[in-house]
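In what follows, a single structure is set out as structure tokens and then discussed.
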Amino acid sequence: MIGAFIIQIVLIAVNALFASSEIAVISMSEARLKILSEEGDKRAGRLLNLTKQPAKFLATIQVAITLAGLLGGAFAAENFADPIVDLILSLGVSAPRTALHSAVVFLITLVLTYFSIVFGELVPKRLAMKKTEALSLQLSGILYFMSKLCAPLVWLLTVSTNALLRLLGIDPNQNEEVVTEDEIKMMLMEGSQQGTIENDENEIIQNVFDMNDTSAEEVSTRRRDVVCLYLEDDMSVWADTIRNSHYTYFPVCGESQDDVVGVLNTKDYFRLDDLSRKSVMKNAVDKPFFVPEGIRADQLFSRMKQERKYFAIVIDEYGGMSGIVTVHDLMEELVGDMDDEDTVREVEIRQLNGDRWEIRGSADLEEVAEKLGVQLPTDEHETFNGLVCGIVGRVPDEGEQFSCEGYGLKIDVKNVTGHRVDTALVEKTRKPFDDAAEEKDK
């Protein structure tokens, strides 16, 4: 009996060994195995050879697990059934021996199944999931030996499996395991939540993927905010604009912003002793680099890198300038805002007191709605300036005041610059959501 118990323990241990190795090897990253193999780890090399033929590897594991299970059941029925039946009959139980033997075999099978599942499957697999690399490397020798030992049987099983798959219209040699962008993003999110990947690292990598879905138009500085140099202006006007604007590049335009004839590089400009128009145009102005609005940000980045351009003119479908893009803008799409040391950020939404706010026209309307706690038409307008102009149907005058009962706001326009609202004072006159609820209750 003791020998039979030892055999059962050994067979369950064999089942556990191969069940854990299956999970460990499957969970092991192929890229990690390649790195370890290149570093000279022979165990990783053996595992890499096994994983290159997953059908043979899985067949080897299945053969070992199946044999352990079959042998365990056979030995248990053979070694434990008769002694237990004899014990029951000796206690005076009156029952046919054949029926009693069948019942005992059934009970032995249940008990053996419980121990096999817990100790031969669940516990080993959980351990393998926790200690994937260490366990898979430690078991590499045994797995390699078993793959050679079971090679003939594995070959037969593999051929049979592939034949059945072909009958079902499936190509067994086709590799459909392709890692998608969404799967990588999910892995990054999980790694960030678990702390294995820093939040900043996760954000940068996510931004790399997002550039594929971002157009040049979305990244660009809009036409209305672009500072240009015009050929009709004196060079003294150019000098004042260059010194006061603190930009590195300026579009040089003819009659309008749509007529871009070149791009002035201030680094070349300040190296010149002769600042006449002819000298500046010859030595500090380059040909403009035009790109369409719809070009993807990642493609634009590659083109600017290949052509060594740092400044691009974004044009619309009619050939007019819709904005500009710099390499700095594209880098900010990857790593976030990169302000210069002397850059002072202007607060676009500032609470003065209670329900009174000072809001710049360029403020994002969704942010305005969130901070003020009101519902605004963010699907119709992107900025606060767009909302104000949309309400009055024109560009308001400085000092103009009006109420927006639908939004529960009173707006006092303080400054208007270049046909758009620069700043305005906003007062919340009521809470629209609460009033709507009161009306509904009435």
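A short reminder: the numbers here are calculations on the coordinates, not readings from a lab. Source: prediction; values computed, not measured. A quick note on method: Cβ atoms are made from the backbone with ideal geometry, for glycine too, and the neighbour counts reach across all protein chains shown.
By the count of neighbouring beta-carbon atoms within 10 Å, fewest first, 181, 333, 133 end up ordered 181, 133, 333. Cross-linked pairs 267/309; 56/130; 42/130; 287/309; 267/287: Cα-Cα separations exceed 19 Å for 56/130; 42/130. Principal axis analysis of the Cα atoms in the range 351-423 yields extents of 28, 28, 21 Å, listed in decreasing size. Inter-label distance, residue 165 to residue 200: 4.6 nm, where each label sits 7 Å from its Cα along the C-beta direction.
Taking the range 349-441 as the region of interest, the number of lysine pairs whose Cα atoms are within less than 22 Å, with members eight or more places apart or on different chains, is 9.
Placing a label point 7 Å from the Cα of residue 155 along the Cα-to-Cβ line, the residues of the range 22-58 whose backbone N sits under 16 Å from it are 56-57. Figure legend: label point modelled 7 angstrom from the Cα of residue 290 along Cα→Cβ; residues of the range 245-264 with amide N under 19 Å from it are 250-264. Rounded to whole Å, the principal axis extents of the Cα atoms in the chain read 116, 71, 45, largest first.
The distance linking the range 1-60 with the range 66-144 is 22 Å (Cα centroid to Cα centroid, whole angstrom). Pick from 317, 30, 201 the residue whose mean-square fluctuation is largest in a GNM of the chain, springs joining Cα atoms under 10 Å. Maximum fluctuation in the GNM of the chain, among the listed residues, is at 30.
Can you compute the FRET efficiency between residue 282 and residue 247 using 1/(1 + (r/R0)^6), with r the Cβ-Cβ distance and R0 = 30 Å? Round to the nearest 0.05. E(calc), rounded to 0.05, equals 0.90. Highest GNM mean-square fluctuation among 322, 90, 279, for the chain modelled with Cα contacts below 10 Å: 90. Computed as a quarter of the hull surface, the mean projected area of the alpha carbon convex hull for the range 217-335 stands at 7.4 nm². Available extension along the chain between residue 371 and residue 350 is 6.6 nm, counting 0.36 nm per residue and deducting the alpha carbon span. Beyond 23 Å, how much of the Cα-Cα pair distribution for the range 61-184 remains, as a whole percent? Counting pairs separated by more than 23 Å, the tail of P(r) holds 61 percent. When 155, 238 are arranged by Cβ crowding within 10 Å, least crowded first, meaning fewest neighbours, the order is 155, 238.
Where does the range 128-197 land on Rg(C-alpha)/(2.2 N^0.38 Å)?
Details: Rg = 18.3 Å, N = 70, 2.2 N^0.38 = 11.1 Å.
The reported ratio for this selection is 1.66.
For the pair residue 318 and residue 114, the difference between a 0.36 nm per residue extended length and the Cα-Cα distance amounts to 66.0 nm. Here is the list for the range 48-147: trypsin sites (Lys or Arg not before Pro) lying in DSSP coil, each with at most 11 other C-beta atoms within 10 angstrom of its C-beta, are 52.
Of the DSSP H helices in the chain, those with a Cα length along their own long axis of 27 Å or more and a mean Kyte-Doolittle hydropathy reaching 1.0 comprise 2-27, 54-90, 97-117. Extents of the range 15-120, taken as max minus min of Cα coordinates on every principal axis and listed largest first, are 70, 20, 17 Å. Between 218, 307, 39, the Gaussian network model of the chain with springs among Cα atoms under 10 angstrom shows the greatest mean-square fluctuation at 39.
Under a Cβ-Cβ cut-off of 10 Å, what is the net charge of the residues other than residue 16 that fall near it, where Lys and Arg count +1 and Asp and Glu count -1? With Lys, Arg at +1 and Asp, Glu at -1, the net is 0. Once both labels are positioned 7 Å from their Cα atoms along Cα-to-Cβ, the gap between residue 98 and residue 221 label points is 9.7 nm. Label separation (residue 271 vs residue 302): 3.1 nm, computed from points 7 Å beyond Cα along the C-beta direction.
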